[in-house]
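The structure appears below as structure tokens.
The values are calculated or read from the model by the stated rules, or taken from the named source; none is laboratory data. Here the structure is a predicted model, which means the values were calculated and not measured. Positions of Cβ are backbone-derived with ideal geometry, glycine not excepted, and every protein chain shown enters the neighbour counts.
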Amino acid sequence: MKKIRVFSGIQPSGDMHLGNYLGAVKQWVENQDKEKENFYCIVDLHAHTILRDAKELRDNIRSLAAMLFACGLDPNKSTVFIQSQVRAHAEACWLLNCVTPIGWLERMTQYKDKKEKLNSISAALLDYPVLQTGDIILYDANEVPIGEDQKQHVELARDIAQRFNNLFGETFVLPDPIIPSVGARVMNLSNPLSKMSKSFDEDESGVVGLLDDDNSILKTIKRAVTDSGNQIVFSNDKENAGVNNLLGIYKVITGKSSMQVEKDFANAKGYGVLKESVAELVLGIITPIRAKYKEYISDPQELDKLLEVGAENARTISEPKVSEMKERMGFI
Ligand code: TYM
């Protein structure tokens, strides 16, 4: 039987944070034991839609690769590679541009948000989700494990793939977004109404970076915004967003049910206990990852070798696929 194929990506646009880990990368690591075929991509072409500094990008790419291996991606079980090292991605993007109505791109909420916040934007920023579509459908991926914020992009990928199939004949598998039931939207600890992210406009004081030292992680969690009440229960009220976020982090790391989580804190007086428990769990995850990261990053040649093996493997799937696209479209 054909194995389920999984594809997902992450941008090398700053250190990985707890949201990336709990929303996406944790699922990627778990997928490795599920008899699936896994492709995980460092999407550097995407990062350049905003990042401009060549040295910073170069450093970020190796750092992210070291981090992904440190989190548990195993080169024997997953194809881990750098997007720009596999030319089919940029080529597929052009071909897909030709069948994508511009209105579909102008509707994307991430594009609209960024457009509002930046002084000048590149054509690539609008085109971003078409490149992302190519990433996914070149591999005929069935599943795309992501955090909540990427759902709209994967749905667009389905629509573009469907449109290509209608125009030129059955070529692509239609992908499904796979979003975890908890951890899909980790919020900024200082501003729990906004998602945790390392983007240009983010309040960094509420972001837990996987490379932050233990002390600053402790501080970030202890300073987390809560509310003036003292009930430790899940709730969708805006005022309770901070407590809800901490409970969500506790829930996804422990794997407990909401009821069990609330029971754990039923006798707690104040939010200090919750913050301490969350800090302990988060450090329990991050400390060993950071130690492994140091090993990987200290040997850039070995890292590059692993990534080249990944790129080679990715090319064996994506190159014939892009050739098929071109043939169907009439290129000779
Ligand atoms: P990126 O680099 O912003 O994020 C990588 C993954 O982390 C998830 N994530 C979160 N999950 C929970 N809570 C948060 N606060 C949080 N912040 C980020 C994201 O949902 C994502 O799964 N466009 C993509 C990269 C991409 C891609 C692809 C993804 C390019 N091609 C193909 C899937 C398939 C992005 O910018 O992710």
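Tabulated results
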{"item": "The one condition in (1) within 13 Å of the ligand (Cβ to nearest atom); (2) polar (S, T, N, Q); (3) surrounded by fewer than 17 Cβ atoms within 10 Å (Cβ to Cβ) that S257 fails to fulfil", "result": "(1)"}
{"item": "Of residues in the stretch 1-19 being near the ligand (Cβ under 9 Å from one of its atoms) and of a type in the set (A, V, I, L, M), the one nearest to V278 (Cα to Cα)", "result": "L18"}
{"item": "Selected residue (only one of N20, N60, N38, N31 is in contact (Cβ under 8 Å) with a residue 60 or more places away in the chain and over 15 Å from Q150 (Cβ atoms))", "result": "N31"}
{"item": "Residue check for E170: at pLDDT 95 or above and either within 21 Å of the chain's Cα centre (by Cα) or under 30 Å from V252 (Cα atoms) (or both)", "result": "no"}
{"item": "Test for T100: is it at pLDDT below 95 and hydroxyl-bearing (S, T, Y)", "result": "no"}
{"item": "Number of the exception - G206 against (1) buried (at least 17 other Cβ atoms within 10 Å of the Cβ); (2) in contact (Cβ under 8 Å) with a residue 24 or more places away in the chain; (3) within 16 Å of the ligand (Cβ to nearest atom)", "result": "(2)"}
{"item": "Filter result (touching a residue at least 12 places away in the same chain (Cβ under 8 Å) and in a loop (DSSP other than H, G, I, E, B)) within the stretch 41-57", "result": "V43, H48, T49, I50, L51"}
{"item": "Residue in the stretch 173-203 that is nearest to V225 (Cα to Cα), counting only those that are more than 9 Å from the ligand (Cβ to nearest atom) and not in a loop (DSSP other than H, G, I, E, B)", "result": "I178"}
{"item": "Selection within the stretch 96-117 - touching a residue at least 60 places away in the same chain (Cβ under 8 Å) and over 25 Å from S8 (Cβ atoms)", "result": "C98, K117"}
{"item": "Pairs where the first residue, in the stretch 276-290, is more than 17 Å from T226 (Cβ to Cβ) and without any contact (Cβ under 8 Å) to a residue 12 or more places away in the chain and the second is surrounded by fewer than 16 Cβ atoms within 10 Å (Cβ to Cβ) and among the hydrophobic types (A, V, I, L, M, F, W, C), C-beta under 9 Å, 6+ apart", "result": "none"}
{"item": "Subset of the stretch 310-325 (residues that are surrounded by 15 or more Cβ atoms within 10 Å (Cβ to Cβ) and among the polar types (S, T, N, Q))", "result": "N313, S318"}
{"item": "Residue match in the stretch 20-35 (condition: surrounded by 18 or more Cβ atoms within 10 Å (Cβ to Cβ), of a type in the set (F, W, Y), farther than 21 Å from I289 by Cβ and within 12 Å of the ligand (Cβ to nearest atom))", "result": "no"}
{"item": "Any hit, the stretch 144-161, residues being buried (at least 16 other Cβ atoms within 10 Å of the Cβ), assigned to a strand (DSSP E or B), within 8 Å of the ligand (Cβ to nearest atom) and of a type in the set (A, V, I, L, M)", "result": "yes"}
